[in-house]
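Reviewing the structure listed below.
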Amino acid sequence: MAARALFSAPPALYAIPPLSSLASRAHRILLSNHFHVGPLSFSSTRRRCHHRACTDDSKGSTNFDSFVLTTPLYYVNAPPHMGSAYTTIAADAIARFQRLLGKKVIFVTGTDEHGEKIASAAEANNKSPKEHCDVISQAYRTLWSDLQIEYNEFIRTTDLKHETVVNEFYARVLDSGDIYRADYEGLYCVNCEEYKDEKELTENKCCPVHLKPCLLRKEDNYFFALSKYQSKLEELLTNNPEFVKPSFRLNEVQGWIKSGLRDFSISRASVEWGIPVPNDTKQTIYVWFDALLGYISALLEDGEKPNLQKAVSSGWPASLHLIGKDILRFHAVYWPAMLMSAGLDVPKMVFGHGFLTKDGLKMGKSLGNTLEPTDLVNRFGADAVRYFFLREVEFGNDGDYSEERFINIVNAHLANTIGNLLNRTLGLLKKNCESTLLFDSIEAAEGNGFKDTVEKSVEMARYHYENLAFSSACESVLDIGNAGNLYIDEHAPWSCFKKGGEIAEMAAKDLVVILEALRIMAVALSPVAPSLCARIYAQLGFTEDQFKSITWADTKWGRLQAGQQMMDPKPIFAKIEIKTEEELKEASPKAVKGPKKGSRTQGLVEA
């Protein structure tokens, strides 16, 4: 009801000029040859898809206006699942938003391909480790394409340039006096690929993540002197509380550090599949010491001679590491200490999001309730999948998937609130104005409080995007759609057109106002549902190139011009029909089979 007070006076209050004046105006505009939809404001250097979204020289220095964003490098012991998809969808939304702001984005993702579990998974599938990695790494690339993920760099830890960077980094840490050799005996979780403190374990001495017994192992390994950086890490978190987000994750990290840091092993004598320790081919570098450096090696151009300093000068430090909460310790404790040892800057922020469950339960094969992202995309489309998880889950907290909730949300928001509003408005425009705008959007909105409603919602959406509050950002954009539907219901343009004269003229203005609001919605929601928003832009008479060139400045009111020709209305999002279990089984493709999933892939997936 609050939105009603912002609307202009009802149509009945307007004076009524002759109907001929409206018809004459429409005729003049339709015959005009001067109309042209010019390009929207944009940076001509913006690139899309799996290429850099910045100019070629933008990575030569860390002083450019850049935004370097990373997902975890996903562990290839198994095909990608919904947890890793969720992280990457969120990262892509962030990257798209930052591009809208004009930032030169370097969006890094990739695969972590070394370690004991990889070798075991490959053996179980009668493949060499490299063959296994090639298959699963490609599965990630394919899924990212299906989900409309537009990354800039895809790094594999089996890439030669990565090994070069790891070796140089190791040498720096060694020169700092922070690597030493020692015997170690402890409880080891194979799935986590890390030693566990006894106080971390369950009462039955099991890993708290996998609930499986940890193995007692004794090895002669190389260690990193993490304890040396206790005070420096404490100082980092005290002086930079934004380093770990959300704030309750910062509290976790501070608790770990306060309890006392212990040096950790950075090599394995029992693992052959990995990067050899320099000057000791009997040991391989621990997968986490190896994989974290992928964030830096990814910054190197393909084909250039790799070295650590060149990689660092190409965009480090990262603006944001986006991760699941299960790998927070590695990114917020181990990684900054390693970087300090090597004399490099720490990332600006580490954000640890929550886990996903299904129908309130942890997902696992034993429960028969795994959620396959490929299946979801095939059934519902990328826009629906992206929108649901970003709108429904409060980013940072745990979230739940329910198919009934999924269908209800995307039908109500995408098909009804947005889709129906566009369809009915274009339908009225076609019937009464030959699909042509009779007024500029600025002229149409004069004295109209609805424009203020849109501008306030856009301002809130930007604020929420900047704070990674995707759910609230979506809600702010949807507020425009809800207000638009209320506006058109109250103003009833279908009735006003029948009355003719000035009332009909005001009805024509109302349609322009709603269509301009829909155009602004398409810009503001494009980080979340890019294809849906592209279809909205197309129906509003813009070209594909014009949509690709949008910036956040295009959320400003006033882009639609008199004389602009709209397309015929057609659904931009087909309403999802709820099917029976039998129909779902027949329609659903078989899930990709692979080895068992483990902790180093993101999300709550039972190993």
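The values are calculated or read from the model by the stated rules, or taken from the named source; none is laboratory data. The structure displayed is predicted, hence computed values, not measured ones. Heads up, the Cβs are rebuilt from the backbone with ideal geometry, glycines too, and the neighbour counts pull from every protein chain shown.
Descriptive notes on the structure:
- Subset of segment 411-446 that is part of a helix (DSSP H, G or I) and of a type in the set (D, E, K, R) - its residue that is surrounded by the fewest Cβ atoms within 10 Å (Cβ to Cβ): 431
- Any hit, segment 182-203, residues being free of Cβ contacts under 8 Å to residues at least 12 places away in the same chain and among the hydrophobic types (A, V, I, L, M, F, W, C): no
- Hits in segment 134-185 - residues which are assigned to a loop (DSSP other than H, G, I, E, B) and either basic (Lys, Arg) or within 28 Å of the chain's Cα centre (by Cα) (or both): 147, 148, 149, 150, 151, 152, 157, 158, 159
- Among the residues here, residue 239 qualifies as out of contact with any Gly (no Cβ under 6 Å at 6 or more places or on another chain), farther than 17 Å from residue 330 by Cα and surrounded by fewer than 18 Cβ atoms within 10 Å (Cβ to Cβ).
- Test for residue 281: is it over 33 Å from the mean Cα position of the chain (by Cα), in the same structural domain as residue 68 (by TED's automatic domain parsing), in a strand (DSSP E or B) and not basic (Lys, Arg): yes
- Contact annotation: residue pairs with Cβ atoms under 6 Å, 6 or more positions apart or on different chains, pairing a residue in segment 551-564 that is more than 13 Å from residue 439 (Cβ to Cβ) with a partner that is surrounded by fewer than 20 Cβ atoms within 10 Å (Cβ to Cβ) and at pLDDT below 95, are 551/41; 551/42; 553/41; 554/40.
- Every pair of residues 6+ apart whose Cβ atoms lie under 8 Å, when the first sits in segment 248-259 and is in the same structural domain as residue 237 (by TED's automatic domain parsing) and under 11 Å from residue 332 (Cβ atoms) while the second is in a helix (DSSP H, G or I) and of a type in the set (Lys, Arg): 249/325; 253/329; 256/329
- Annotation: of all residues in segment 349-381 being assigned to a strand (DSSP E or B), surrounded by fewer than 20 Cβ atoms within 10 Å (Cβ to Cβ) and out of contact with any Gly (no Cβ under 9 Å at 6 or more places or on another chain), the one that is modelled with the highest pLDDT is 358.
- Residue that is within 30 Å of residue 348 (Cβ to Cβ) and modelled with pLDDT under 95, where the choices are 242, 193, 235, 198: 193
- Among the residues of segment 325-355, those that are more than 23 Å from residue 265 (Cα to Cα) and of a type in the set (Gly, Ala, Ser) comprise 352, 354.
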